[in-house]
1. Answer yes or no as to whether residue 119 is farther than 29 Å from residue 19 by Cα, charged (D, E, K, R) and at pLDDT below 95.
2. Quick check on the range 11-64: of everything there that is acidic (Asp, Glu) and closer than 19 Å to residue 110 by Cα, which residue is nearest to the chain's Cα centre (by Cα)?
3. Against the condition more than 16 Å from the chain's Cα centre (by Cα) and touching a residue at least 60 places away in the same chain (Cβ under 8 Å), how does residue 156 come out, does it pass?
4. Output the number of residues of the range 2-42 satisfying the condition of being touching a residue at least 60 places away in the same chain (Cβ under 8 Å), within 26 Å of residue 138 (Cα to Cα) and either out of contact with any Pro (no Cβ under 8 Å at 6 or more places or on another chain) or open to solvent by 70 Å² or more (accessible area, probe 1.4 Å) (or both).
5. Would you pick out the residues in the range 67-109 that are at pLDDT 95 or above, open to solvent by 50 Å² or more (accessible area, probe 1.4 Å) and of a type in the set (S, T, N, Q)?
6. In the range 45-66, which residues are open to solvent by 40 Å² or more (accessible area, probe 1.4 Å), part of a loop (DSSP other than H, G, I, E, B) and touching a strand residue (DSSP E or B) at 6+ places or on another chain (Cβ under 8 Å)?
7. Out of everything in the range 1-44 that is in a helix (DSSP H, G or I) and out of contact with any Leu (no Cβ under 7 Å at 6 or more places or on another chain), what residue ends up being nearest to residue 82 (Cα to Cα)?
8. Look at the range 129-146 and say how many of its residues are of a type in the set (Gly, Ala, Ser) and either open to solvent by less than 40 Å² (accessible area, probe 1.4 Å) or within 18 Å of residue 57 (Cα to Cα) (or both).
Amino acid sequence: MSELVNVTLVINGKTYTLQLEARRTLLDAIREECGLTGTHAGCEHGVCGACTVLLNGDPVRACLMFAVQAQGSAIRTVEGLADGESLHPLQRAFMTHHGLQCGYCTPGFLMLLTGVLEREPDISDDVLLEVLASNLCRCTGYQGIVAAVRAAVAELRGGEA
């Protein structure tokens with residue numbers, strides 16, 4: 001067994017003080033040590049995007065980084081997306097526009113899109129479609145996801161969802 005290191009992670013505003021092997025991924029720490037299982041393990045190679053979280057506002061693949069690398073950063077997971085009982089516009093839009101089926105990829109899409117839209121709220125439709133291509137979904141055929149994102153973008157811009 002490897003030597004344990006002390007790691008402090010701030011996830012969704014809550015501080016977690018952990019003792020981990022230095023080689024533990026951020027994904028494993030979030031799920032297994034912090035009990036936040038909304039972030040999913042998919043390919044574990046950074047290809048599918050199911051493990052996407054926000055690190056200081058930027059979407060990252062949690063399977064590709066060590067937990068120790070995230071120390072001192074603000075981490076946001078899908079559990080931190082809603083405001084209490086009030087769902088985020090993206091969450092509502094995914095439900096309304098059938099942007100999910102099995103739901104396995106959904107947290108990764110939600111966090112990717114949250115990070116992108118918070119940085120670039122006036123993103124063009126073409127760039128948005130390009131961003132969506134970075135995450136994989138095996139169930140939906142993407143039409144519902146695209147419709148949900150367009151509706152959420154309209155709501156976030158102050159229009160009708």
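1. Taking the combined requirement at face value, the residue satisfies it.
2. Kept after step one, since they are acidic (Asp, Glu), are these residues of the range 11-64: 21, 28, 32-33, 44, 58.
Imposing the further condition that a residue be closer than 19 Å to residue 110 by Cα reduces the set to 44, 58.
Working: 44: 15, 58: 10 Å.
The residue in question is 58.
3. Yes; evaluated as a whole, the condition is true for this residue.
4. 1
5. 69, 71, 86, 96
6. The one that is open to solvent by 40 Å² or more (accessible area, probe 1.4 Å), part of a loop (DSSP other than H, G, I, E, B) and touching a strand residue (DSSP E or B) at 6+ places or on another chain (Cβ under 8 Å): 56.
7. Step by step, filter the range 1-44, then rank; the result is 31.
8. Looking only at that region, the number is 2.
The values are calculated or read from the model by the stated rules, or taken from the named source; none is laboratory data. All figures in this text were calculated on a predicted structure; none of them were measured in a lab. With ideal geometry, Cβ positions are generated from the backbone for all residues, glycine too; neighbour counts draw on all protein chains shown. We work out accessible area using only protein heavy atoms, side chains counted, and drop any ligands, DNA or RNA first. Shrake-Rupley method; radii C 1.70, N 1.55, O 1.52, S 1.80 Å.
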